1. Name the residues whose placed amide hydrogens come within less than 5 Å of the amide hydrogen of Leu287, ignoring near sequence neighbours (fewer than 5 apart) on the same chain.
2. Report, in degrees rounded to the nearest 10, the 0 to 90 angle that the Cα long axis of helix 304-313 makes with the longest principal axis of the chain.
3. If you add up the charges near Gln83, with Lys and Arg at +1 and Asp and Glu at -1, over every other residue whose beta carbon is less than 14 angstrom from its beta carbon, what do you get?
4. Using θ = phi - 60° and the Karplus curve 6.51 cos²θ - 1.76 cosθ + 1.60, what whole-Hz ³J(HN,Hα) does each residue of the stretch 83-89 get, with Gly and Pro shown as x?
5. Using alpha carbons only, how many degrees (0 to 90, rounded to 10) separate the axis of helix 358-378 from the longest principal axis of the chain?
6. Explain nothing, just compute: Karplus ³J(HN,Hα) = 6.51 cos²θ - 1.76 cosθ + 1.60, θ = phi - 60°, for every residue of the stretch 117-124 in order, whole Hz, x for Gly and Pro.
7. Using every pair of alpha-carbon atoms in the stretch 25-95, split the distances into 10 Å bins beginning at 0 and state the percent of pairs per bin, rounded to integers.
8. Gly150: net charge of surrounding residues, Cβ under 11 Å, Lys/Arg +1, Asp/Glu -1, itself excluded?
Amino acid sequence: MKIVIAPDSFKGSLSAKDAALAIEKGIKNAFPNAETVLIPVADGGEGTLETLITSTSGQKVYKKVTGPHGKEVDAYFGVLGDQTTCVIEMAVASGLNLIADCERNPMLATTYGTGELIKSALDKGYRNFVLAIGGSATNDGGVGMLQALGMRFNDKDGNEIGFGGGELGKIHDISTEYFDQRIKESRFLIASDVENPLVGEKGASYVFGPQKGATDEMVKILDKNLLHYANLVEKAAGVRLHDMPGAGAAGGIGGAFLAFFSSNMKRGIEVVLEYAKFDEALNGADLVITGEGKVDFQTVYGKTPMGVAQASQKENIPTIILAGSVGENIQNLYQYGVVGVFSIINQPMSLEMALREAGILLERASEQICRMYYWNYLN
């Protein structure tokens, strides 16, 4: 028997690679001779860079950049095994994970560091980019990134505005005169599952602002500022971002890419599966096991287990999903080749214990599920 193991990370406990190894160990406990293929994956958010460079035998290039609150942070970008494609994960330079909960404030957070990573890669000669834009701490419409690449956002006195979404309302004009010309020579594939527009009740500020620390009053200001920004972008670039799907991704940086870069957006999990050659791994497989920390009604909207199941279904290979917790309304997953969704929690326990014991719990769950599945399969 051949089993393909393709989990995302179990956030707070296991990386995607460690999760895959735990699942494999459980399978081998039950069936020592089973053929297993490990393909750790991600959906465009945190961990995407690691997954892509691992699956293509790439490497990291390290650089200090400006973090989301203006302080220097240690960051990096990835170079895939083809030695021509650069992967930049926004969370590494401008991520929510870089800020303490008590310091989260999208009025101040900037994407400048993400722009510095792009500039560094351009300096090293790279012109083919994959941008993973999940997990941002920002709501600045990508203005910080654009500033790092030479674009100017001037106030009414001709001075450049400061960092953060709270500054966008001060923009009087946008100057592209010194915008890095190498951008025109480059291609950018944006890995994102977000289809939200830039502004409005379904836009970046209202939907994602609160999780980044925005109060109700901040949300209103941020949305108003993004509307002002979108009006100016339309004049400068001839692109209307206001209600454009995907423009609201990562606090509006999706809109910056759509307006000023030669770019296209694609579901993050599809990008990862393509680079990992997941379709090749499926050849001759009997079962696929995937999973992540939580599976619920949102999973069907492009999360890792959904993408893995869809790709497997095309080859008529069933998928089992393992999760730390299983929420409500998961039934839509079953029409995409999922034959079962299981929590790895096997007894009442605290969250701290569940996180600490995640590897063991995942191993035990995968062993028992495989024993049950293959007993039915073989009989």
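Read the figures in this text as sums done on the coordinates, not as results from a lab. Note that this is a predicted model, so its numbers are computed, not measured. All Cβ positions, even for glycine, are placed from backbone atoms using ideal geometry, and neighbour counts span all protein chains on display.
1. Lys2, Val4
2. Relative to the chain, helix 304-313 is tipped by roughly 60 degrees.
3. Charge balance in the 14 Å sphere: +2.
4. 6, 10, 9, 9, 10, 10, 9
5. The answer is roughly 50 degrees.
6. 5, 4, 4, 4, 5, 4, 4, 8
7. Reading the bins upward from 0: 19, 36, 24, 15, 6, 0.
8. Combined, the nearby Lys, Arg, Asp and Glu give +1.
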